[in-house]
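The values are calculated or read from the model by the stated rules, or taken from the named source; none is laboratory data. All of these numbers come straight from a predicted model, not from anything done at the bench. Note: ideal-geometry Cβ built from the backbone for every residue, glycine included; neighbour counts use all protein chains shown. Ligands, DNA and RNA are excluded from the accessible area calculation, which covers all protein heavy atoms including side chains. Shrake-Rupley method; radii C 1.70, N 1.55, O 1.52, S 1.80 Å.
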Amino acid sequence: MQLSVIILNYNVRYFLEQCVLSVQEAISSLDAEIIVVDNNSSDESCLMMKSKFPTVKLIQNDTNYGFPKGNNIGVAQARGKYVCILNPDTVVAENTFEKILNFADRQVNLGIVGCKLIDGTGAFLPESKRGIPTPWVAFTKIFGLYKIFPNWKWFNQYYAQHLGEDESGEVAVLVGAFMLMTRDLYLELEGFDEKCFMYADDIDLSYRALLKKKSNYYFHETTVLHYKGESTVKDEKYMKRFQEAMNFFYQKHFRKSWFFEFFIQIGIWFFSFVKMFQGKTKSKPLPDRVIFYSSNQILSEKLPEILKNKVDFLDFKKEKMVNSCQLFEGKRVEIILDNQYVSFKKCIKIIETLKDKTITFKIFPKNANFIIGSNSRNDRGQIVKIE
(Lines give C-alpha, C1' and ligand atoms only; values in the text may rest on other atoms or scores of the structure.)
Protein backbone atom coordinates (compact mmCIF):
# COMPACT_ATOMS: atom_id res chain seq x y z
CA MET A 1 0.00 0.00 0.00
CA GLN A 2 1.31 3.46 -0.92
CA LEU A 3 -0.24 5.67 1.71
CA SER A 4 -2.11 5.78 5.01
CA VAL A 5 -3.79 9.08 5.90
CA ILE A 6 -4.22 9.48 9.65
CA ILE A 7 -6.88 11.99 10.76
CA LEU A 8 -7.15 12.62 14.50
CA ASN A 9 -10.53 14.12 15.39
CA TYR A 10 -11.94 15.82 18.44
CA ASN A 11 -15.33 17.52 18.27
CA VAL A 12 -15.11 18.97 14.74
CA ARG A 13 -17.77 16.78 13.14
CA TYR A 14 -18.53 18.99 10.10
CA PHE A 15 -14.92 19.86 9.35
CA LEU A 16 -14.10 16.15 9.61
CA GLU A 17 -16.80 15.25 7.08
CA GLN A 18 -15.46 17.75 4.56
CA CYS A 19 -11.88 16.63 5.20
CA VAL A 20 -12.65 12.95 4.64
CA LEU A 21 -14.57 13.81 1.46
CA SER A 22 -11.55 15.67 0.10
CA VAL A 23 -9.13 12.88 1.07
CA GLN A 24 -11.32 10.26 -0.60
CA GLU A 25 -11.16 12.26 -3.82
CA ALA A 26 -7.40 12.67 -3.48
CA ILE A 27 -6.64 8.95 -2.97
CA SER A 28 -9.08 7.62 -5.57
CA SER A 29 -6.27 6.68 -7.97
CA LEU A 30 -3.84 5.51 -5.26
CA ASP A 31 -3.45 2.35 -3.23
CA ALA A 32 -4.25 4.12 0.02
CA GLU A 33 -6.34 4.06 3.17
CA ILE A 34 -7.89 6.56 5.56
CA ILE A 35 -7.73 6.00 9.30
CA VAL A 36 -9.82 8.30 11.48
CA VAL A 37 -8.96 8.28 15.18
CA ASP A 38 -11.57 9.90 17.40
CA ASN A 39 -10.52 11.17 20.84
CA ASN A 40 -13.87 10.61 22.54
CA SER A 41 -15.82 13.36 20.78
CA SER A 42 -19.25 14.34 22.06
CA ASP A 43 -20.57 15.89 18.82
CA GLU A 44 -21.67 12.73 16.95
CA SER A 45 -18.47 12.63 14.89
CA CYS A 46 -18.35 8.83 15.13
CA LEU A 47 -22.02 8.45 14.24
CA MET A 48 -21.41 10.58 11.15
CA MET A 49 -18.38 8.50 10.15
CA LYS A 50 -20.28 5.22 10.49
CA SER A 51 -23.22 6.57 8.52
CA LYS A 52 -21.44 8.45 5.73
CA PHE A 53 -18.09 6.65 5.49
CA PRO A 54 -18.70 3.03 6.53
CA THR A 55 -15.62 1.77 4.63
CA VAL A 56 -13.22 4.17 6.38
CA LYS A 57 -11.36 2.66 9.33
CA LEU A 58 -12.56 4.34 12.53
CA ILE A 59 -10.77 4.01 15.86
CA GLN A 60 -12.87 5.22 18.79
CA ASN A 61 -10.83 6.11 21.87
CA ASP A 62 -12.69 6.11 25.18
CA THR A 63 -10.85 9.22 26.37
CA ASN A 64 -9.10 12.25 24.89
CA TYR A 65 -5.50 11.08 24.64
CA GLY A 66 -4.27 14.30 23.06
CA PHE A 67 -2.51 14.85 19.73
CA PRO A 68 0.66 12.74 20.15
CA LYS A 69 -0.88 9.55 21.50
CA GLY A 70 -3.96 9.79 19.28
CA ASN A 71 -1.83 9.86 16.14
CA ASN A 72 0.46 7.12 17.44
CA ILE A 73 -2.60 4.88 17.89
CA GLY A 74 -3.59 5.53 14.29
CA VAL A 75 -0.15 4.89 12.79
CA ALA A 76 0.12 1.64 14.75
CA GLN A 77 -2.67 0.27 12.52
CA ALA A 78 -1.44 1.84 9.27
CA ARG A 79 -0.32 -0.32 6.34
CA GLY A 80 1.02 2.28 3.90
CA LYS A 81 4.63 2.81 2.88
CA TYR A 82 4.00 6.46 3.68
CA VAL A 83 1.87 7.96 6.42
CA CYS A 84 0.35 11.43 6.36
CA ILE A 85 -0.63 13.09 9.61
CA LEU A 86 -3.56 15.34 8.67
CA ASN A 87 -5.73 17.69 10.73
CA PRO A 88 -9.49 17.22 10.42
CA ASP A 89 -9.95 20.95 9.74
CA THR A 90 -8.16 20.70 6.40
CA VAL A 91 -9.19 20.33 2.76
CA VAL A 92 -6.79 18.70 0.30
CA ALA A 93 -6.82 19.05 -3.48
CA GLU A 94 -7.57 16.05 -5.67
CA ASN A 95 -3.90 15.82 -6.73
CA THR A 96 -2.27 16.71 -3.39
CA PHE A 97 -1.08 13.22 -2.47
CA GLU A 98 -0.09 12.27 -6.00
CA LYS A 99 2.15 15.34 -6.23
CA ILE A 100 3.71 15.05 -2.79
CA LEU A 101 4.32 11.30 -3.10
CA ASN A 102 6.09 11.84 -6.42
CA PHE A 103 8.25 14.46 -4.73
CA ALA A 104 8.96 12.22 -1.74
CA ASP A 105 9.94 9.27 -3.95
CA ARG A 106 12.59 11.41 -5.66
CA GLN A 107 14.36 12.39 -2.44
CA VAL A 108 17.37 10.68 -0.90
CA ASN A 109 17.48 10.25 2.87
CA LEU A 110 13.95 11.63 3.21
CA GLY A 111 12.73 12.96 6.53
CA ILE A 112 9.36 14.72 6.76
CA VAL A 113 7.57 16.62 3.99
CA GLY A 114 5.10 19.46 4.53
CA CYS A 115 3.18 21.52 2.01
CA LYS A 116 1.82 25.01 1.48
CA LEU A 117 -1.05 25.77 3.87
CA ILE A 118 -3.55 28.63 3.61
CA ASP A 119 -6.30 29.59 6.02
CA GLY A 120 -10.00 30.00 5.25
CA THR A 121 -9.45 33.54 3.97
CA GLY A 122 -6.76 32.45 1.50
CA ALA A 123 -3.84 33.84 3.51
CA PHE A 124 -0.59 31.86 3.61
CA LEU A 125 0.10 30.20 6.96
CA PRO A 126 3.77 30.86 7.81
CA GLU A 127 3.96 27.85 10.13
CA SER A 128 3.98 25.73 6.95
CA LYS A 129 7.78 25.98 7.21
CA ARG A 130 9.83 26.77 10.29
CA GLY A 131 13.31 26.77 11.73
CA ILE A 132 14.58 25.23 14.96
CA PRO A 133 13.17 27.39 17.80
CA THR A 134 16.32 28.10 19.78
CA PRO A 135 15.72 30.56 22.66
CA TRP A 136 16.73 33.47 20.44
CA VAL A 137 14.56 32.33 17.52
CA ALA A 138 11.57 31.84 19.84
CA PHE A 139 12.18 35.31 21.28
CA THR A 140 12.08 36.92 17.82
CA LYS A 141 8.82 35.11 17.12
CA ILE A 142 7.05 36.02 20.36
CA PHE A 143 7.90 39.72 20.05
CA GLY A 144 7.27 39.89 16.30
CA LEU A 145 10.79 40.99 15.42
CA TYR A 146 10.54 39.07 12.15
CA LYS A 147 7.78 41.51 11.12
CA ILE A 148 9.68 44.60 12.23
CA PHE A 149 12.90 43.54 10.45
CA PRO A 150 11.64 41.44 7.50
CA ASN A 151 14.94 41.63 5.60
CA TRP A 152 17.25 40.79 8.48
CA LYS A 153 18.20 37.11 8.46
CA TRP A 154 19.01 37.24 12.18
CA PHE A 155 15.35 37.92 12.98
CA ASN A 156 13.76 35.68 10.35
CA GLN A 157 14.57 32.10 11.29
CA TYR A 158 11.39 30.99 13.06
CA TYR A 159 9.32 30.86 9.87
CA ALA A 160 12.21 29.67 7.66
CA GLN A 161 12.13 32.83 5.58
CA HIS A 162 15.17 31.73 3.59
CA LEU A 163 12.47 30.10 1.44
CA GLY A 164 9.56 31.97 -0.11
CA GLU A 165 6.07 30.53 0.22
CA ASP A 166 6.24 29.57 -3.48
CA GLU A 167 9.65 27.94 -3.25
CA SER A 168 10.32 24.32 -2.29
CA GLY A 169 13.37 23.33 -0.31
CA GLU A 170 14.85 22.00 2.90
CA VAL A 171 13.56 23.31 6.21
CA ALA A 172 14.01 22.20 9.81
CA VAL A 173 10.45 22.02 11.15
CA LEU A 174 7.05 21.18 9.65
CA VAL A 175 3.60 21.67 11.15
CA GLY A 176 1.49 18.82 12.51
CA ALA A 177 -1.53 19.81 10.41
CA PHE A 178 0.13 18.09 7.43
CA MET A 179 3.21 15.88 7.78
CA LEU A 180 4.13 13.13 5.33
CA MET A 181 6.91 10.60 5.94
CA THR A 182 7.60 6.92 5.53
CA ARG A 183 5.95 4.70 8.08
CA ASP A 184 9.35 3.14 8.77
CA LEU A 185 10.75 6.54 9.77
CA TYR A 186 7.74 7.30 11.98
CA LEU A 187 8.23 3.97 13.78
CA GLU A 188 12.00 4.48 13.98
CA LEU A 189 11.37 7.82 15.67
CA GLU A 190 8.78 6.13 17.92
CA GLY A 191 6.18 8.62 16.75
CA PHE A 192 5.15 11.76 18.59
CA ASP A 193 6.39 12.13 22.15
CA GLU A 194 3.36 11.46 24.34
CA LYS A 195 4.84 13.48 27.20
CA CYS A 196 4.27 16.65 25.20
CA PHE A 197 1.01 18.55 25.78
CA MET A 198 0.76 20.66 22.63
CA TYR A 199 2.62 22.98 20.24
CA ALA A 200 6.00 21.23 20.52
CA ASP A 201 5.06 17.74 19.33
CA ASP A 202 5.59 18.53 15.63
CA ILE A 203 8.74 20.55 16.40
CA ASP A 204 10.12 17.64 18.42
CA LEU A 205 9.35 15.05 15.74
CA SER A 206 10.87 17.22 13.01
CA TYR A 207 14.00 17.81 15.08
CA ARG A 208 14.42 14.11 15.86
CA ALA A 209 14.26 13.38 12.13
CA LEU A 210 17.14 15.85 11.66
CA LEU A 211 19.10 14.10 14.42
CA LYS A 212 18.75 10.91 12.34
CA LYS A 213 20.51 12.81 9.52
CA LYS A 214 17.29 13.00 7.50
CA SER A 215 16.26 15.94 5.32
CA ASN A 216 12.93 17.67 5.95
CA TYR A 217 11.24 19.52 3.08
CA TYR A 218 8.68 22.22 2.45
CA PHE A 219 6.87 21.45 -0.82
CA HIS A 220 5.00 24.39 -2.33
CA GLU A 221 3.50 22.77 -5.43
CA THR A 222 0.27 21.74 -3.72
CA THR A 223 -1.85 23.93 -1.46
CA VAL A 224 -3.96 22.61 1.41
CA LEU A 225 -6.70 24.63 3.10
CA HIS A 226 -6.31 24.66 6.89
CA TYR A 227 -9.00 26.28 8.96
CA LYS A 228 -7.64 27.57 12.25
CA GLY A 229 -9.24 27.05 15.65
CA GLU A 230 -9.58 28.92 18.91
CA SER A 231 -6.30 27.49 20.19
CA THR A 232 -4.45 29.87 17.87
CA VAL A 233 -5.78 33.06 19.48
CA LYS A 234 -2.74 35.03 20.60
CA ASP A 235 -3.66 35.68 24.25
CA GLU A 236 -2.05 34.97 27.61
CA LYS A 237 -3.20 31.31 27.54
CA TYR A 238 -1.52 30.86 24.18
CA MET A 239 1.66 32.40 25.58
CA LYS A 240 1.68 30.05 28.57
CA ARG A 241 1.15 27.00 26.34
CA PHE A 242 3.91 28.21 24.05
CA GLN A 243 6.16 28.60 27.09
CA GLU A 244 5.36 25.05 28.25
CA ALA A 245 6.02 23.70 24.77
CA MET A 246 9.36 25.45 24.39
CA ASN A 247 10.45 24.40 27.88
CA PHE A 248 9.62 20.80 26.99
CA PHE A 249 11.66 21.05 23.79
CA TYR A 250 14.65 22.74 25.45
CA GLN A 251 14.76 20.38 28.41
CA LYS A 252 14.61 17.38 26.09
CA HIS A 253 17.20 18.49 23.55
CA PHE A 254 19.15 21.40 25.05
CA ARG A 255 19.94 22.84 28.43
CA LYS A 256 17.28 24.86 30.22
CA SER A 257 17.20 28.45 28.95
CA TRP A 258 16.92 31.17 31.61
CA PHE A 259 17.07 33.70 28.76
CA PHE A 260 13.89 32.30 27.27
CA GLU A 261 12.21 31.91 30.67
CA PHE A 262 12.77 35.56 31.48
CA PHE A 263 11.60 37.04 28.20
CA ILE A 264 8.62 34.69 27.76
CA GLN A 265 7.40 35.76 31.20
CA ILE A 266 7.59 39.38 30.10
CA GLY A 267 5.61 38.36 27.00
CA ILE A 268 2.89 36.70 29.13
CA TRP A 269 2.54 39.82 31.28
CA PHE A 270 2.43 42.00 28.18
CA PHE A 271 -0.30 39.98 26.49
CA SER A 272 -2.30 39.75 29.72
CA PHE A 273 -2.08 43.53 30.13
CA VAL A 274 -3.21 44.17 26.53
CA LYS A 275 -6.13 41.77 26.89
CA MET A 276 -7.40 43.69 29.93
CA PHE A 277 -8.09 46.68 27.68
CA GLN A 278 -9.49 44.74 24.76
CA GLY A 279 -13.17 44.01 24.50
CA LYS A 280 -14.61 40.86 23.09
CA THR A 281 -13.92 40.26 19.42
CA LYS A 282 -16.65 41.91 17.42
CA SER A 283 -18.54 39.67 15.03
CA LYS A 284 -18.18 40.66 11.41
CA PRO A 285 -21.21 42.28 9.76
CA LEU A 286 -23.23 40.34 7.23
CA PRO A 287 -21.86 40.55 3.69
CA ASP A 288 -23.48 43.00 1.30
CA ARG A 289 -23.84 40.28 -1.31
CA VAL A 290 -23.54 36.50 -1.46
CA ILE A 291 -22.32 34.81 -4.64
CA PHE A 292 -23.31 31.15 -5.10
CA TYR A 293 -20.89 29.56 -7.58
CA SER A 294 -22.71 26.47 -8.78
CA SER A 295 -25.02 25.00 -11.39
CA ASN A 296 -27.78 24.28 -8.87
CA GLN A 297 -30.38 26.88 -9.79
CA ILE A 298 -32.99 25.37 -7.45
CA LEU A 299 -30.79 25.65 -4.37
CA SER A 300 -29.78 29.18 -5.32
CA GLU A 301 -33.45 30.15 -5.03
CA LYS A 302 -33.66 28.68 -1.51
CA LEU A 303 -30.45 30.23 -0.17
CA PRO A 304 -31.71 33.81 0.31
CA GLU A 305 -34.21 32.62 2.93
CA ILE A 306 -31.65 30.38 4.62
CA LEU A 307 -28.88 33.00 4.69
CA LYS A 308 -31.17 36.00 5.22
CA ASN A 309 -29.34 37.79 2.44
CA LYS A 310 -29.47 38.46 -1.28
CA VAL A 311 -27.81 35.68 -3.29
CA ASP A 312 -26.40 36.13 -6.78
CA PHE A 313 -26.32 32.88 -8.74
CA LEU A 314 -23.14 32.43 -10.77
CA ASP A 315 -23.24 29.50 -13.18
CA PHE A 316 -19.68 28.14 -13.16
CA LYS A 317 -20.14 26.79 -16.70
CA LYS A 318 -20.86 30.23 -18.14
CA GLU A 319 -19.09 32.87 -16.08
CA LYS A 320 -15.63 33.42 -14.64
CA MET A 321 -15.37 33.96 -10.90
CA VAL A 322 -12.69 36.67 -11.08
CA ASN A 323 -14.60 38.87 -13.51
CA SER A 324 -17.84 38.50 -11.55
CA CYS A 325 -16.22 39.49 -8.26
CA GLN A 326 -14.87 42.67 -9.80
CA LEU A 327 -18.47 43.85 -10.17
CA PHE A 328 -18.75 43.96 -6.37
CA GLU A 329 -15.47 45.73 -5.71
CA GLY A 330 -15.66 47.79 -2.52
CA LYS A 331 -18.49 45.73 -1.05
CA ARG A 332 -18.37 42.89 1.48
CA VAL A 333 -18.87 39.71 -0.52
CA GLU A 334 -19.31 36.11 0.59
CA ILE A 335 -18.52 33.43 -2.01
CA ILE A 336 -20.12 29.99 -1.64
CA LEU A 337 -18.43 27.32 -3.76
CA ASP A 338 -20.58 24.31 -4.64
CA ASN A 339 -18.27 21.30 -4.49
CA GLN A 340 -20.76 19.23 -6.45
CA TYR A 341 -19.60 21.19 -9.50
CA VAL A 342 -16.38 22.85 -8.34
CA SER A 343 -13.53 20.50 -7.40
CA PHE A 344 -11.73 20.86 -4.08
CA LYS A 345 -8.62 21.82 -6.04
CA LYS A 346 -10.49 24.65 -7.76
CA CYS A 347 -12.11 25.74 -4.48
CA ILE A 348 -8.66 26.08 -2.91
CA LYS A 349 -7.34 27.92 -5.99
CA ILE A 350 -10.24 30.40 -5.97
CA ILE A 351 -9.81 31.10 -2.24
CA GLU A 352 -6.05 31.56 -2.66
CA THR A 353 -6.39 33.75 -5.77
CA LEU A 354 -9.24 36.01 -4.62
CA LYS A 355 -8.06 36.54 -1.04
CA ASP A 356 -9.14 39.97 0.10
CA LYS A 357 -10.26 41.54 3.39
CA THR A 358 -13.68 42.25 1.90
CA ILE A 359 -14.27 38.66 0.67
CA THR A 360 -15.17 35.62 2.76
CA PHE A 361 -15.47 32.06 1.50
CA LYS A 362 -17.61 29.03 2.24
CA ILE A 363 -17.71 25.58 0.65
CA PHE A 364 -20.84 23.50 0.11
CA PRO A 365 -19.31 19.98 0.16
CA LYS A 366 -20.79 17.45 -2.22
CA ASN A 367 -23.44 15.13 -0.76
CA ALA A 368 -23.52 17.22 2.42
CA ASN A 369 -26.27 19.28 4.06
CA PHE A 370 -24.18 22.20 5.28
CA ILE A 371 -22.07 25.12 4.13
CA ILE A 372 -18.76 25.54 5.94
CA GLY A 373 -15.88 27.99 6.15
CA SER A 374 -13.98 30.45 8.30
CA ASN A 375 -13.76 34.23 8.15
CA SER A 376 -10.72 34.37 10.44
CA ARG A 377 -7.84 32.11 11.45
CA ASN A 378 -8.68 32.99 15.06
CA ASP A 379 -12.10 31.35 15.22
CA ARG A 380 -13.53 27.90 14.71
CA GLY A 381 -15.40 28.80 11.60
CA GLN A 382 -19.02 29.00 10.55
CA ILE A 383 -21.44 26.23 9.65
CA VAL A 384 -24.83 26.78 8.03
CA LYS A 385 -27.09 23.75 7.76
CA ILE A 386 -29.06 23.28 4.55
CA GLU A 387 -32.22 21.31 5.23
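By the scheme Lys and Arg +1, Asp and Glu -1, what is the net charge of all other residues having a beta-carbon under 14 Å from that of residue 22?
Result for the local shell: 0.
Might you work out the accessible area of residue 301 for me, using a 1.4 Å probe with all protein chains in place, and round it to the nearest 10 Å²?
Its accessible surface works out to 130 Å², give or take rounding.
Take each of the peptides 199-210, 81-92, 287-298, average the number of other beta-carbon atoms within 10 Å over its residues, and list them starting from the highest.
In descending order of packing, they fall as 81-92, 199-210, 287-298.
What distance in nm lies between label points placed 7 Å from Cα along the C-beta direction at residue 77 and residue 210?
Roughly 3.4 nm, to one decimal.
As a quick test, which of the pairs 69/99; 147/252; 308/331; 141/252; 310/331 have an alpha carbon distance above 19 angstrom in this structure?
69/99; 147/252; 141/252
Sorted by accessible area with a 1.4 angstrom probe, largest first, how do 129, 310, 99, 214 fall?
Largest accessible area first, the list is 310, 99, 214, 129.
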